[in-house]
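Below: the structure, in structure tokens.
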Amino acid sequence: MTEDELFDVLTAIEERVPLDEKPAWFEREANDLEPGEHGRASLLIAAGEHWQMRKEYDHARRCFRLAMRDGGESASDPIANLLSLALDEGDVELVTELDQTLRGLAREDEVSPTTCHLVAEAYEIHGQLRQALRWYNIPFTHGYPDGDPADSMLLDGRRRVRTALGLAPDQLDVMAEELRQTRR
């Protein structure tokens, strides 16, 4: 499956399939692909995210683990999805373990900005603002935004969390505001 075909499938399901049927549709599409084939992991993650939104955590976990085993390319690492799920379930030990795994990958420059955003947002949703700020900061540890599409989401989230923590604006917060103004 090409990147364009994957985008078309994801978009079609999101736009045309009733909400309660989406997870099963994503899984069916994933199962039509061979393990490791481009798009399969992304479809499994999408299915898992929809199961998670429905609070059907066992189904979500199964999909995220299948995406991990698949090993195919996806915008975010399924470990981040498992961390988000562990936060939803209140499994503190698993959250800590998965966070450590992801931080290790980040030190090796093996996490995408999208993965960082997913983790940061999950922590933010659960009121763990210091951890959220860490993950919003990780992509900018060694430099400034480079135009990655996730940059503006990361900068917006970072600014939001820093404001909630009562921190004074810094250069990246100013950049976030400038990007927000240009998007208007």
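A few notes on this one:
- With contributions of -39500 (n - 2.57) from each DSSP H run of at least four residues, the per-residue ellipticity at 222 nm computed over the chain stands at -22500 deg cm²/dmol.
- Computed from Cα atoms, the angle from the helix 92-107 axis to the main principal axis of the chain rounds to 80 degrees.
- From the alpha carbon centroid of region 11-76 to that of region 126-142 is 26 Å.
- Crossing angle, helix 150-164 versus the chain [Cα axis fit, 0-90 degrees, rounded to tens]: 50 degrees
- About the centre of its Cα atoms, region 1-149 shows a dipole size close to 540 debye [charges on the beta carbon of Lys, Arg (+1) and Asp, Glu (-1) only; nearest 20 debye].
- Tilt relative to the chain, helix 171-183 - C-alpha long axis, 0 to 90 degrees, to 10: 60 degrees
- Taking the Kirkwood radius as Rh and the Cα radius of gyration as Rg, the chain has a ratio of Rg/Rh equal to 0.98.
- Across the chain, the longest run free of exposed loop sites, meaning GluC sites (Glu not before Pro) lying outside DSSP classes H, G, I, E and B with no more than 11 other Cβ atoms within 10 Å, spans 1-107.
- Here the chain has 50 percent of its accessible surface on carbon and sulfur atoms, given a 1.4 Å probe and all protein chains in place.
- Close amide H contacts of Val17 (hydrogens built in the peptide plane, cut-off under 5 Å, sequence separation of 5 or more or a different chain): none are found.
- The Rg/Rh ratio of region 78-184, with both radii computed over alpha carbons and Rh defined as the Kirkwood radius, is 0.97.
- Per residue, the chain exposes 55 Å² of solvent-accessible protein surface, assessed with a 1.4 angstrom probe and all protein chains in place.
The values are calculated or read from the model by the stated rules, or taken from the named source; none is laboratory data. Predicted model, so just to flag it, every value in this text is computed and none were measured. Quick reminder, even Gly has a Cβ in these numbers, built from the backbone with ideal geometry, and neighbours come from all protein chains shown. Heavy atoms of the whole protein, side chains included, go into the accessibility calculation; ligands, DNA and RNA do not. Shrake-Rupley method; radii C 1.70, N 1.55, O 1.52, S 1.80 Å.
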